[in-house]
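> If you scroll down you'll find the structure; I have some questions about it.
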Amino acid sequence: DLGERNVVQSAVSGPKDKTSDRVTLKKEIGLLSACAIIIGNIIGSGIFISPKGVLEHAGSVGLSLIVWVCGGGICALGSLCYAELGVTIPKSGGDYSYVTEIFGGLVGFLLLWSAVLIMYPTTLAVIALTFSNYVLQPAFQNCLPPFIATRLLATICILFLTWVNCSSVRWATRIQDVFTVGKLLALVLIIVVGLVQIFRGHYDALRPSTAFEFSEDPSVGQIALAFLQASFAYSGWNFLNYVTEEVVEPRKNLPRAIYVSIPLVTLVYTMTNIAYFSSMTPEELLASNAVAVTFGEKLLGMFSWVMPISVALSTFGGINGYLFTSSRLCFSGAREGHLPYFLAMIHLKNCTPIPALLLCCVATIVILCIGETHNLINYVSFINYLSYGVTIAGLLYLRKKRPNLARPIKVNMLVPISYLIFWVVLLGFSLYSEPVVCGLGMVIMLTGVPVYFLGVHWKNKPKWVYRLVERVTYRGQKLCYVVFPQEDPSETEPLTASKATD
């Protein structure tokens with residue numbers, strides 16, 4: 001580690017005076033871009049393609065709408081907890097940084113290991129494949145697009161957005177802003193068309209007398225699974241916390257972005273589902289594999305092509321958002337010493353984490369080549385949901401362990417406790433209904449234990465290991481033109497109460 005740091009520091013000391021006062025991550029994410037990151041990462045292809053999962057498990061239109069509203073409420077509880085953690089521990093890296101700060105290196109490394117190894121590459125691969133399928137579908141109307149064609153287009157998309165993110169933080173955030181607006185406009189179109197249908201009297205499925213008609217009495221397990229489907233549609237609400245250090249005035253703008261984005265997404269999701277039911281019977285919705293496309297075919301006539309394009313644009317923006325945030329997770333892990341320090345370096349002029357972005361790109365392309373992405377995504381969902389609960393439990397532990405930390409935002413204790421109760425119930429039913437998937441998810445995470453003790457905890461490695469790492473780091477620096485960033489500790493260290501009053 002020391003040898004590697006020496007290489008890094010020697011590289012930084014040379015060009016530092018020639019470029020600027022400090023080589024560091026640029027703070028270019030204002031309030032609007034912060035909202036776009038949250039909204040853009042939450043709204044992916046799910047709301048356009050398969051809200052039928054919630055209806056299938058809820059058993060009625062009325063209960064499914066209640067689940068969508070309550071799912072947004074649970075998401076809001078979690079985001080309030082993350083807002084407190086984000087302003088108390090203002091580091092990039094989200095869950096990983098908070099868990100490492102609170103519970104120590106091993107627990108943090110396990111989250112990092114599962115995220116870098118499988119969680120984000122798999123999610124990126126699935127979103128990229130969804131994008132390529134919808135772009136190619138018009139050319140293959142009577143059959144599925146060829147396997148090679150979808151993989152090739154998905155790879156081109158990943159490579160292009162990696163290049164954009166390597167070139168400029170501003171370009172990446174502008175893409176996120178534009179495509180987030182595009183997603184919202186597509187959903188607003190669905191909502192407006194649905195409201196027109198309702199005003200014309202087409203709302204039979206929404207009448208109270210029929211909305212709560214159940215084909216069979218719903219069980220607690222089925223309702224829990226409906227909430228689980230909704231919670232997956234809302235995933236991404238914590239992604240702004242991964243780029244905290246690039247947010248302008250994070251202690252102000254991070255919570256503000258959360259307060260604006262989560263209620264907006266909840267409202268849009270609920271109204272979109274109401275619009276679907278204004279023109280489709282529950283049976284039609286359950287039979288559709290792409291709800292928004294079916295909706296467009298029924299109501300938009302010659303403009304039905306708008307819906308597949310909207311899904312493609314939505315997924316394109318989602319890929320950009322996931323690349324932007326997941327690369328910062330690799331960056332944060334490397335800075336803590338849990339990944340090679342080369343991954344914590346940034347470009348000397350563009351100030352972008354090029355090595356971390358390239359790692360995310362390569363890992364995603366490998367997953368695309370494997371092909372079995374949909375089996376992997378089940379394990380990812382469990383690991384992702386597990387990390388939420390561990391992080392929010394850490395908030396309660398931090399309150400007890402370090403009561404003197406200055407907390408610009410301090411949520412009521414009922415907020416994390418309520419979220420954790422809901423989390424335990426959902427996790428319990430997940431384990432009961434899918435024990436093999438959850439078990440394999442845990443196995444994937446626990447494979448990081450020996451890696452942690454060999455790669456991180458073991459300090460007295462043979463000298464040849466350090467020499468090899470130095471050579472690789474040096475050549476990587478020359479190839480990518482990157483250096484280790486110079487930080488201002490006051491921007492990332494938790495504040496004590498005494499510092500906050502100075």
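The values are calculated or read from the model by the stated rules, or taken from the named source; none is laboratory data. Here the structure is a predicted model, which is why all the values come from computation and not from measurement. All Cβ positions, glycine included, derive from the backbone under ideal geometry; neighbour counts span all protein chains shown. Accessible surface areas use protein heavy atoms only, side chains included; no ligands, DNA or RNA. Shrake-Rupley method; radii C 1.70, N 1.55, O 1.52, S 1.80 Å.
> Pairs please, first residue from the stretch 251-271 and farther than 22 Å from LYS91 by Cα and open to solvent by less than 60 Å² (accessible area, probe 1.4 Å), second anywhere and aliphatic (A, V, I, L, M) and modelled with pLDDT of 90 or more, Cβ atoms under 6 Å, 6+ apart in sequence or on different chains.
So the pair list comes out as THR270/VAL69; MET271/ILE191.
> Taking the condition open to solvent by less than 20 Å² (accessible area, probe 1.4 Å), of a type in the set (D, E, K, R) and modelled with pLDDT of 80 or more, does ARG328 pass?
yes
> Still on this model: Do the conditions hold for VAL248, that is, is it within 26 Å of the chain's Cα centre (by Cα) and open to solvent by less than 30 Å² (accessible area, probe 1.4 Å)?
Spelling it out, it is not the case that VAL248 is within 26 Å of the chain's Cα centre (by Cα) and open to solvent by less than 30 Å² (accessible area, probe 1.4 Å).
> Which condition breaks for LEU144 when tested against (1) open to solvent by 30 Å² or more (accessible area, probe 1.4 Å); (2) part of a loop (DSSP other than H, G, I, E, B); (3) touching a helix residue (DSSP H, G or I) at 6+ places or on another chain (Cβ under 7 Å)?
(3)
> Looking at (1) crowded, with 23+ Cβ neighbours inside 10 Å; (2) part of a helix (DSSP H, G or I), which one does TRP237 not meet, given that it meets all the others?
(2)
> Among all residue pairs at least 6 apart or on different chains, which show Cβ distances below 7 Å where the first residue, located in the stretch 202-219, is open to solvent by less than 60 Å² (accessible area, probe 1.4 Å) and the second is of a type in the set (Val, Ile, Thr) and part of a loop (DSSP other than H, G, I, E, B)?
Once the first residue is open to solvent by less than 60 Å² (accessible area, probe 1.4 Å) and sits in the stretch 202-219, its partners that are of a type in the set (Val, Ile, Thr) and part of a loop (DSSP other than H, G, I, E, B) give ALA205/THR281.
> Pick from the stretch 42-77 the residues that are closer than 25 Å to VAL178 by Cα and open to solvent by 10 Å² or more (accessible area, probe 1.4 Å): which of them is nearest to the chain's Cα centre (by Cα)?
Among them, the one singled out is GLY44.
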